[in-house]
Structures are given as structure tokens and as C-alpha cells.
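In what follows, a structure is listed as C-alpha cells, so that the remarks can point back to it.
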Number of protein chains: 2
Amino acid sequence: MTDTPADADAPLSDVTGMLCFSLYSAGHAFTQLYRPLLDDLGLTYPQYLVMVTLWNRDGQNVKELGRALFLDSSTLTPLLKRLDAAGLITRTRNPKDEREVLIHLTETGKALKSSASDVMRCIAEAVGLDAETVRAIKESVDTIRDKIKS
Amino acid sequence: MTDTPADADAPLSDVTGMLCFSLYSAGHAFTQLYRPLLDDLGLTYPQYLVMVTLWNRDGQNVKELGRALFLDSSTLTPLLKRLDAAGLITRTRNPKDEREVLIHLTETGKALKSSASDVMRCIAEAVGLDAETVRAIKESVDTIRDKIKS
DNA sequence: GCAAAATAATTTGTACGCGATCCAATTGCA
DNA sequence: TGCAATTGGATCGCGTACAAATTATTTTGC
């Protein structure tokens, strides 16, 4: 990505010089950071993202969740089945359009929301940077993502 | 609309406000950007990262590759077997220490390096930001990653 | 009206990612 | 020297990710 040489002998930039690798490894690092905290809630990191999305707006269909999280329905379907099996959500066809499956939080699922603030507090502490710095980095990363998704 | 129990109406940030989600989704976006380019080389994105690492230094063992890429042997072992099956690398025990498996590029694997510069050129063009901007973002992301991995 | 196109989910197959666990080779130290 | 602890890989199980194909339902174009 930031390399110049095209000739086969010249040293190619190491992965440490590639922005894509930074994002790739930083994303994994966050998953690892979340894991022990989410284990207590019985959630994986992607499952947690779905729950956060639903805590903000309940009753979305699979397509809408996919748009919010940039995930395909083939990823979400089994994930949602596991959340269903765990008793955190319900999956019902929309009577107005039987193609859609509406996802609703159960009482258990809603109740879990209060534990989430503890998780967020722990994460913020682990990152240990002021809110403004984090916001600036996030903005840059979002810009890159939106650019390459266009 | 959505009814919200008294203790659960706290302004929980949406996933779009979470840095971890920005990194998570940006990482996926890069994988998607690479996919069609790497398909031509018969590589997946993680396989490509391994190849880049080996193009820079041939003959590393699994542990060293794992340190460079922040990946576990349980991830690398099957991935390396696939690269082996594809004829791009060889896996041989180190005679000096039979615990180690040394990874060496085959001629085919070395030859693939020249195609990689085309890939890098395409990616750089798609990102469409000047090198200095990219470097600054990368530095911020690396700082975060190293911070939460400590 | 109604067949064709479009849409929403699901299923299937391949490939990560990683915790947990196991095994063989090596090292350390009493 | 002898054996326990350590180390490097491999294996297993579970849960993502995503392309491609399938099914069910709705919309459309004529």
C-alpha cells in the first residue's frame, strides 16, 4: 500500500507498513479486549454489536441490521438464531411482508442493557485516551471505510 | 414505538459511535476491497498477509509468523497447509529443533511477489489518500492497538 | 390479472480466528 | 543424570464472514 518498488528483488513493505493490516490487527485486538467482559454476559463480540443495535432501536429486520453492521444476512441468520436460543431476542415474520423477519428483544435481552454500560466503562478505561482523541481517530477510520466502500 | 424501562433509557451509544466498530467494519471493508484482486492470485486476505511476511523474510517458523501477524498457531497451521497444498510454500521441521516448522517459499511462491505490486497499486488508488495522511491514520490505529494489547 | 423480475431470508461450502487441549521435543535444575 | 516444566505445533470445537445457490413472498410490467 505504501510501498513503491515494483522490482522483485527490492524489499516489499512489511505488513507493519500497511494500513489495512493495522486495521485488521487493531480490530482483532479489540475483540480480544472485549472477550472476557462479554463472556460474563454470554455474548460474542458480533453478538454484542447486534444487541447494541437493537437496544438503540428494537424491531428491525435482518436487512436493516445488516446495513447497520455491514454484515450479510448469511452471517446474521445463524447469529440471530443463537441469540434466539439464548432467549435474548425473538424472530417473527412481518405480517405486512412475510419476506421480512423482525427481530425483537425479549425482557431478558432488554435487561442485559444495564450490564453493557459496565462493559463500555471497562473498554474506555483500557483504551485510556481522552474522548476527543478517540473521536478524531474514529473519524479518520470511518472516512477510509466509507471511501473504499463506495 | 419502543417502550423503554426506566433504568434502560440511558443514552447508549449506537455502534456507529464506537471506535471498535469503526475498526471492525473498516477491516472488513479492506478484506472486501482486496478479495477480487487476490482472487486472481488464488489467495485469501490472511494468506496474502502471510505471503507478504515471507516475501520480506523467508524461512520463518510458525511462531515468528504468528508474532508478526498477531495470529495463533491454531489459525496459522491450517492456513499454511493450504498454501502448501497450493504449492506456494514448503513446511519442514527444523533439524536443529524438531519442535519448529520452518516455512519456505517455493519458486512459484516467490514468483507471485511481482503480482503483489499490482495489487498494492490498485489498493492505493482505491483508498485515494496521499501517503502522509494514510501514514498518520495508521500511526493512530497502531497506537490504539499496542495500547490495548499491553 | 398474471408471469417475470425483484426482494428477504435461509442454506451450503470454504476459510478464518481463537480458546482449550494434546503431543513431541527441548530445557532446566535438583 | 533424571525428570518436571516449558515450548512449538497440531487438533478440536464453536462462532463468525461471505459467495453462491435456493426458497418464499411481493412487486412490476404488460
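Here are a few things to note about the model shown:
- Taken one residue at a time, the phi angles of region B:91-104 give Karplus couplings (6.51, -1.76, 1.60, θ = phi - 60°) of 10, 10, 5, 6, x, 6, 8, 5, 6, 7, 10, 8, 9, 10 Hz. Gly and Pro are set to x.
- Only helical runs count toward this figure. For chain B, summing -39,500 (n - 2.57) over DSSP H runs of n ≥ 4 and dividing by all residues gives -19500 deg cm²/dmol at 222 nm.
- Full extension of the chain between B:THR106 and B:ARG35 yields a length gain of 23.2 nm, computed as 0.36 nm times the residue separation minus the alpha carbon distance.
- Once the Cα gyration tensor of region A:67-107 is diagonalised, semi-axes √(5λ) in Å: 16, 16, 9
- Note that region A:109-150 carries a Kirkwood radius of 12.3 Å, evaluated over its alpha carbons pair by pair.
- Calculated label separations, A:THR106, copies of the chain, 7 Å along the beta-carbon direction, nm: 5.1
- For the protein assembly as shown, the ratio of Cα radius of gyration to the globular rule of thumb 2.2 N^0.38 Å stands at 1.12.
- Nm distances between copies for B:ASP130, ranked from closest, using label points 7 Å along Cα→Cβ: 2.7
- In this calculation the C-beta distance from A:ARG121 to B:SER150 is compared with R0 = 22 Å, giving a FRET efficiency of 0.70.
- Cross-link pairs beyond the 26 Å C-alpha cut-off, checked among A:LYS138/B:LYS147; A:LYS147/B:LYS138; A:LYS63/A:LYS147; A:LYS113/A:LYS147; B:LYS110/B:LYS138; B:LYS63/B:LYS113: A:LYS113/A:LYS147; B:LYS110/B:LYS138
- Stretch gain in nm, segment A:ARG135-A:ARG91, where the contour uses 0.36 nm per residue and the Cα spacing is subtracted: 12.4 nm
- Per-copy distances of the B:ARG57 label point, shortest first, in nm (7 angstrom along Cα→Cβ): 4.8
- Along region A:65-79 the Karplus relation, 6.51 cos²θ - 1.76 cosθ + 1.60 evaluated at θ = phi - 60°, assigns HN-Hα couplings of 4, x, 5, 5, 9, 6, 10, 7, 5, 6, 8, 6, 3, x, 4 Hz to successive residues, with x for each Gly and Pro.
- Mean Cα-pair separation over length for region B:35-134, i.e. relative contact order, pairs under 8 Å, 6 or more apart, %: 26 percent
- Spherically averaged projected area in nm², based on the convex hull that wraps the Cα atoms of region A:20-148: 8.9 nm²
FYI, it's all coordinate maths here, none of it is from the lab. Note that the structure is a prediction, hence the values are computed from the model and not measured. Ideal geometry is used to build each Cβ from the backbone, glycine not excepted, and the neighbour counts take in all protein chains shown.
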